[in-house]
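The structure appears below as structure tokens.
The values are calculated or read from the model by the stated rules, or taken from the named source; none is laboratory data. Remember, predicted model here, so these are calculated numbers, not experimental data. FYI the Cβ positions are ideal-geometry reconstructions off the backbone, even for glycines, and counts take in every protein chain you see.
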Amino acid sequence: MPRPERKLITFSIDGREVEAPANMMLVDAAKFGDVEIPVFCYEPKLGAPVGACRMCLVDIEGIPKLQTGCSTPVKDGMVVHTQTRRVKDAQQSVVEFLLINHPLDCPVCDKGGECPLQDVSFGWGGGMTRFVEPKRHFKKPLELSPLIAIDRERCILCYRCVRFSQELSEDYQLVLHERSAATFVGTFDGHPYVAPFSGNILELCPVGALTSMPYRFRARPWDIENAGSVCTLCPAQCNVAFTVRDDRVLRVLARENEEVDDGWLCDKGRFAYQSIHAEERVVAPMVREDGVLREVTWERALEAAKAALGGAQGRIAGLAGGETTNEEGFLLQRLVRDVHGSPHVDSGAGLDRSGLLALGDPGLQATVADLEFAHTVLVLGTEPVDDAPILDLRLRKGVRRNRVKLAVATSRPSSLDPNATLAVRYAPGAEAAFVTALSAAFYGGAVDEPAQAAGADAGAVHELATLLRTSGGDQPGDVVVLYGQRVLAEGEAVTAPLLKLAGALGLSGRPGAGLLGVPTATNGRGLREAGVLPDAGPGLTAVPSAGHGATGIAEATAAGELSVLYLLHTDPLRDEPQRAVWERALEAATHVIAHAGFLTETIREHATVVFPAESYAEKEGTLVHPDGRLQRLRPAIGRPAGVRAAWQVLDELARSAGAEHGVHTVHSATQQLFAAVAFYAGLSVDAIGAKGVRWWEDDARAAAWPQESGLRAAISDLVAKTPLSRTPDYEEAPTPSGLGAADGATNGALRLGTYQSIWAAAEVEASPALKFLHPHQRVELSPADAARLGIEHGEHVTVGSAGATVEAVAHLRNESPAGSAFLQSGIPEDAANVLQGPLVEIRKATPK
Amino acid sequence: MSSAILFKDIDEPGLGTLAVYQRRGGYGDVLRKGLSMPREALVNELVESGLRGRGGAGFSMGKKASFMPKGGMDKYLVCNADESEPGTFKDRELMTKSPHMLIEGMILAAYAAGATKSFIYIRGEYAQQADILDAAVAEAYADGLLGENILGFDFSLELVVHRGAGAYICGEETGLLDSLEGKRGNPRLKPPFPANQGLYQGPTLINNVETLMTIPHILGMGAAKYAEIGVENSTGTKLISVSGHVKRPGNYEIELGMSAREIIYGLCGGIEGDHEVKLWFPGGSSSPVLTSDDLDLGYDFDSLAKAGSMLGSGAIIVVDDQTSVVEVCLKLAKFYRHESCGKCTPCREGTQWTVKMLERMKSGTATPMDLDIMASVQEQITGHCLCVLGDAMAMPVGSMIAKFRPEFEEYIEAARERAERELVASLDAGLVGSAT
Amino acid sequence: MSHGTQEEPAPTGDLTLGQHVGSGEVPRYQGGSRTPGWDDAVDLTKDPAVIPDPATVHVPEELRAEIEAHMAKYPDERSAAIPALMAAQRRHVWCSPEAIEQVACVMRLTPGYLVAVASFYDMLETSPVGRHRVYVCTNISCSLRGADALLERVVEEVGDDPDFNVRSFECLGACDIAPMASVDDVYVGPVELDDVPALIGQVRSGAEVLPEKQILRRKSVDPNAGSTS
Ligand SMILES: Cc1cc2nc3c(=O)[nH]c(=O)nc-3n(C[C@H](O)[C@H](O)[C@H](O)COP(=O)(O)O)c2cc1C
Ligand code: SF4
Ligand code: FES
């Protein structure tokens, strides 16, 4: 769907000739002539106007009745009046009507001072009311959810909140009950309004009807400052404004950046700021003494770290977690590689350099906005609402408003299935076979065999290929493939057919189309580009000899080959897929140096040195969004007294080992990074500014993407529209022995799939307001498997493989594919990474 | 000349069955003639007949059909059988007694509009009529009169009888469409008009039951002949529902232009108890009221409009001089308050404010100033709402205040005195402050 | 001011005269309703109300079949919301949370969607009522002919019989037989005060209500209409 073009027209408003884009709604077009038309229900982010509040009535010559400016598109030659007696009377009438039942409790209302109703009443109201009957009174405030309070007296029925729930997040939990003046906002049968994006209604409400439980009565607008930054809690990297009072973050609001977040936030981003000021936060350095972590001075902690690193003789490894900035990652890899001579550094990219170069090729990149305007989007192996929540809203918007055709190919049923033109399932872990089948469908290759190996329906694979191929009529059109990083676990066996697919769809160099990878970590893309990789340095340059990746590091440490682990903002027992080997590694390491905000069990048990980490509201630096946009993190508040910036610590450790890099401020680190990464050439923090810069949109930078001899050729060969020259390697999806076989009914083995809930995050656990959302382990099963195993919905079960087990609650899902079971990862207890797939057995838990 | 067209032999036993309807010529030559005409010719015929919508707005049926775009998209015909305007009950009698006439009218209208799917949106309270329609539709399908290639013509039509569930606003055409789409029956913003974007976003023609039922007769007698009935700009016959204080309430088919006096005193036998007419609503409860001074008006679109009111749905409600205008006004306002969909501000708040003021008038806590405020509130509603439900209260209430101001004032005064007396009495009895 | 009175439009409907509340084993909100209203906070122990999963919600087979048949009639299945809710209400007497969940499960909608629809329409009951519906029209034309007294008389006659749902109703489109009532969908009128005991008795005994006064038997009053019989 090509983006709409805007053409300028001229119209007259209050006697002035004004230019504005054609068909823009009058209330917006009026702004081009510096005329403000008051509104309540109008909010373009919510889609088509509803014209409910009638606040925006204007006089248009040639139309007898006053018209709503929010729903009237401006036309060339239109003559509009907003200052006539008639219009003013109408505006005063509407304000008078609205205030009939609105309590004038502004002094005790949390919205006071930032309330559109106050502003409009002052600006356009009559200043008096003739309403003398008692106003309606109801209990206030009431809980709408643990996060949101509702004061129904104050509600002016503008429809905004319910439209958000119904038409934006499409959770359809928040509705209007009854009709007429008895209408009220509520949920079904007293269920709380709990949904991933519920908090957005707080910002939409133009009165004090919906207020934030955690923020209520913490501050008045004149006590606070707003500080713009970026949320680092997931790869979506939404732009935010922190509400700061007395150096504390009290609230997070969306800072609209159409290209990133469209002005929305998920509830994790909105409420997990509480973790910044949590009691449990580590705010002083610690060193393990006599087996116990004790708070020490910075000097002692730094000494301990220096000694550990110095004594390791290069047998060290560095691992960076997702919230690590580009600068921190850059300094870490330099410390490990250049200062200590160890090649072992990783950020969990999960793909080798050539794969990263191929998939990251500037010509193949799609943007977030492309998701909204493409002809077709294929969501491959990711659940956006969990992996990069705000993209979920973007996909829904594309389908709803621009008729984007959505195809979903996942192993676990997706929350986007109902919006999809086509949803295809494959077995967990069978991505390589699935993508091979799909790619083969384009080239006339064998589809049945890989499809069968993927546990996918060959017919559905063909159907998907047809959908992608015909999205632009008789040709592919603009296709965006949104894939999850986990899809790439099998390396070239996936990247090769994925690139073939990209070739078949003509994605290379096509604006509005391409690949968009969702990393598992917030700054996954930035860390790769900064060189936090075992086989590539900053700018993805080749390194002389490759080190171990994350799992290799764990194995080598467990085997005693490495002795010091440097963990920058990561808890491998939680973040890494293979918990068992990491347990052994941490056990075997002589020193574990960790930068951490919280003492997770891992840190508590294994760290020998702990540096308190800055929170994301305190940090300065840069990040890279999954679509290549460099964004700036700016400090909103000062760090707690005992906390130092990670860049300082990393530089100090380098300096004490004799390496002087001249890093005096975080900006000097940024400059060094930009200098080291060829495709960041010429960038500066000022250029990045408030909205960020997508580096590959500049031709010179795009051209600086590494070109290895032969690699380009290999890519173009892969992308060329020729049949696959060789049979790709893919592992057959394991067939659960209990399926198909007649005697299988006694064997309960199922294929294990994993997913990480939006709520599985340390910041969520540390935020009291979000406590209720902590995920508990549950195992999703198809009704057929549950029946076969005699397990009922809600029953406690154990899920086991190779001697390890986790406890979970059985959760039956009608859409769950038979033969697979899905467990959550990233949670503190009973996480899926305890188990070794691919098959698991499920048993009823023996009652304790 | 007898004005029986729709009502001709309406009580004939079995008229509701396909057999009897066909025996009387239904689904016969007229339908064949219609389906063999080019669409445009059929639309022209309707335009020429001068038939104006019988649902309330009185828009030319033929013109509305002519707004339907050409093209291959799915188009819809919706029959508005919501009939919830207080005082209106004509569609009920028509559907009860002659359901096939409606189906035949719909086939022709759908053909004219290029619609291939049609719906009858009938109010849920009319369960008995909906059952009758369901049975008739089943008969028509069985006989090939609905479905593929009707009567062998290259025209197919599906018809679904859809029952509402009790909401006046679903008679408003866009509220109806939302309701038919399975939503709350909130009216939509216009434009886009239904002819461009209606049901399921497709072009949609919406007409009242009576309007649609008239079509076969127009075709039968010819547009020119039909246009001769009635008066200028108000052609044909009209079913009027007369209720209230008349001796013989009921539906009558009249030739448009007949005087109101003839209707009320002639057809309906005058006022019960031989009282005088205090006021009458000429076109349902939403029409501004007229008084006994207006009884000699011709009952047609233009005459009623000229008198400051409207023909509306053709429902005359007669109120005698024994009844308090304030009480009528309160009933009316309460109805609109209850039926406001709640979407737009002036209607939602204006209707409830009006009720509250009237209740204070009744309880003796209002002053004549409240009467001015009430009149001004009606002005604040008029023309400012999303649909015309708000105006539908504001216009009759406004007209009552304008025409019966002295009575309102007396009523307010009397109620105040009564309230004061009661207060004094209760003070005397020492009741105040004990229990409330 | 409390809600539920005539002055104050109340979320649970201000036309629920003579509504009777059942025996009370279920948890109730203030005011006796089983469904939360304007004045009630949510129950934070509940899960959010998402689209019910067929794997965990039982829907009676006939109800499912009826709803699916309705869904099949429309180009957009959602159009079946009102007929589906009506079907569920026939089965459950009112649109109870359970009834709504069943419809939601079959139609793949959230229960919130459906309760928003149900509470918009007068004939769909979102709080518990008796099984026999007696709608007494109290709109203008009927009230001019004694509807208010009729309603009072009916309420009195029904007493506290929990099987009845007596309520005043807006114009039912039968002002020609004013004052009138719709009794389990059958229109009768003009109903004299003296007819009331018989009428209510007939409902209780399952007999036809006021047979001679049923609207379906009524001939046209228009002298021109005539009948060829
Ligand atoms: C509040 C309101 C209620 C209405 N109720 C009805 C109704 O019950 N039946 C009807 O036919 N038209 C009703 N109308 C008029 C319709 O909107 C529409 O004009 C009509 O159905 C068109 O059909 P017609 O052109 O054949 O009259 C109502 C209009 C409004 C504003
Ligand atoms: S609660 Fe706020 S956002 Fe929702 S309808 Fe009321 S005023 Fe609008
Ligand atoms: S802003 Fe236009 S009607 Fe509300």
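Against the definition (in contact with a Phe, Trp or Tyr (Cβ under 8 Å, 6 or more places away or on another chain) and closer than 22 Å to A:Phe164 by Cα), how does A:Leu46 come out, yes or no? Yes; evaluated as a whole, the condition is true for this residue.
All conditions but one from (1) within 13 Å of another protein chain (Cβ to nearest Cβ); (2) in a loop (DSSP other than H, G, I, E, B); (3) over 24 Å from the mean Cα position of the chain (by Cα) apply to A:Pro196; the one that does not is (3). Quick check, is A:Phe217 more than 16 Å from ligand 2 (Cβ to nearest atom), in a loop (DSSP other than H, G, I, E, B) and either aromatic (Phe, Trp, Tyr) or within 14 Å of chain B (Cβ to nearest Cβ) (or both)? In short, yes.
Residues considered: A:Gly51, A:Gly112, A:Gly47. Of these, the only one that is of a type in the set (Gly, Ala, Ser), on the phi > 0 side of the Ramachandran plot, touching a residue at least 40 places away in the same chain (Cβ under 8 Å) and within 16 Å of ligand 2 (Cβ to nearest atom) is A:Gly47.
Can you find a residue in segment A:180-190 that is assigned to a loop (DSSP other than H, G, I, E, B) and within 14 Å of chain C (Cβ to nearest Cβ)? Checked against the condition, which is being assigned to a loop (DSSP other than H, G, I, E, B) and within 14 Å of chain C (Cβ to nearest Cβ), segment A:180-190 yields at least one hit. Out of curiosity, is B:Asp428 modelled with pLDDT under 95 and away from ligand 2 (no atom under 16 Å from the Cβ)? Spelling it out, B:Asp428 is indeed modelled with pLDDT under 95 and away from ligand 2 (no atom under 16 Å from the Cβ).
Conditions tested, residue by residue: (1) at the interface with another protein chain (Cβ under 7 Å from one of its Cβ atoms); (2) part of a loop (DSSP other than H, G, I, E, B); (3) modelled with pLDDT of 90 or more.
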position	(1), (2), (3)
C:Met1	yes, yes, no
C:Pro9	yes, yes, no
C:His20	no, yes, no
C:Arg28	no, yes, no
C:Asp40	yes, yes, no
C:Asp53	yes, yes, yes
C:Glu62	no, no, yes
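In segment A:371-390, is there at least one residue being at pLDDT 95 or above and at positive phi? Within segment A:371-390, one or more residues are at pLDDT 95 or above and at positive phi.
Show the residue pairs meeting these rules: Cβ distance below 6 Å; 6+ apart or different chains; first residue within segment C:201-226 and farther than 15 Å from C:Val186 by Cα; second residue assigned to a loop (DSSP other than H, G, I, E, B) and of a type in the set (Lys, Arg). Qualifying pairs under 6 Å: C:Val221/B:Arg248.
Any residue that is part of a loop (DSSP other than H, G, I, E, B), at pLDDT 95 or above and of a type in the set (D, E, K, R) - is there at least one of those in segment A:458-474? No, segment A:458-474 has no match at all.
Here C:Ser182, C:Ser141 are screened, and the one residue that is in contact with a helix residue (DSSP H, G or I) (Cβ under 8 Å, 6 or more places away or on another chain) and of a type in the set (Gly, Ala, Ser) is C:Ser141. For segment A:124-144, the tally of residues that are more than 7 Å from chain C (Cβ to nearest Cβ) and in a loop (DSSP other than H, G, I, E, B) stands at 12.
Every condition in (1) touching a Pro at 6+ places or on another chain (Cβ under 8 Å); (2) within 14 Å of chain C (Cβ to nearest Cβ); (3) within 28 Å of A:Gly69 (Cα to Cα) holds for B:Arg163 except the one numbered (3). The condition of being within 21 Å of B:Gly284 (Cα to Cα), within 16 Å of ligand 1 (Cβ to nearest atom), within 14 Å of chain C (Cβ to nearest Cβ) and crowded, with 24+ Cβ neighbours inside 10 Å does not hold for B:Cys79.
Say whether the condition of being within 12 Å of ligand 1 (Cβ to nearest atom), in contact with a Leu (Cβ under 9 Å, 6 or more places away or on another chain) and in contact (Cβ under 8 Å) with a residue 40 or more places away in the chain is met by at least one residue in segment B:150-157. No, because not a single residue in segment B:150-157 is within 12 Å of ligand 1 (Cβ to nearest atom), in contact with a Leu (Cβ under 9 Å, 6 or more places away or on another chain) and in contact (Cβ under 8 Å) with a residue 40 or more places away in the chain. Can you spot a residue in segment C:104-122 that is part of a helix (DSSP H, G or I) and under 30 Å from C:Ile200 (Cβ atoms)? Checking segment C:104-122: at least one residue is part of a helix (DSSP H, G or I) and under 30 Å from C:Ile200 (Cβ atoms). Looking only at residues in segment B:200-215 that are within 13 Å of ligand 1 (Cβ to nearest atom) and within 8 Å of B:Tyr76 (Cα to Cα), the one that is nearest to the chain's Cα centre (by Cα) is B:Leu205.
Restricting attention to segment A:125-151, the residues that are surrounded by fewer than 23 Cβ atoms within 10 Å (Cβ to Cβ) and either β-branched (Val, Ile, Thr) or within 30 Å of A:Ile37 (Cβ to Cβ) (or both) add up to 10. Confirm whether B:Glu12 is of a type in the set (Asp, Glu), buried (at least 23 other Cβ atoms within 10 Å of the Cβ) and more than 19 Å from the chain's Cα centre (by Cα). No: the conditions fail for B:Glu12.
Restricted to segment A:791-841, and to residues there that are of a type in the set (Asp, Glu) and part of a strand (DSSP E or B), the residue that is nearest to A:Leu773 (Cα to Cα) is A:Glu807.
For beta carbons closer than 8 Å, sequence separation of 6+ or different chains, a first residue in segment B:255-272 that is outside the structural domain of B:Arg54 (by TED's automatic domain parsing) and basic (Lys, Arg) and a second that is in a loop (DSSP other than H, G, I, E, B) and at pLDDT 95 or above, the qualifying pairs are B:Arg261/B:Leu295; B:Arg261/B:Asp296.
Residues that are more than 14 Å from every other protein chain (Cβ to nearest Cβ) and either closer than 22 Å to B:Ile10 by Cβ or crowded, with 24+ Cβ neighbours inside 10 Å (or both) do occur in segment B:238-256, at least one of them.
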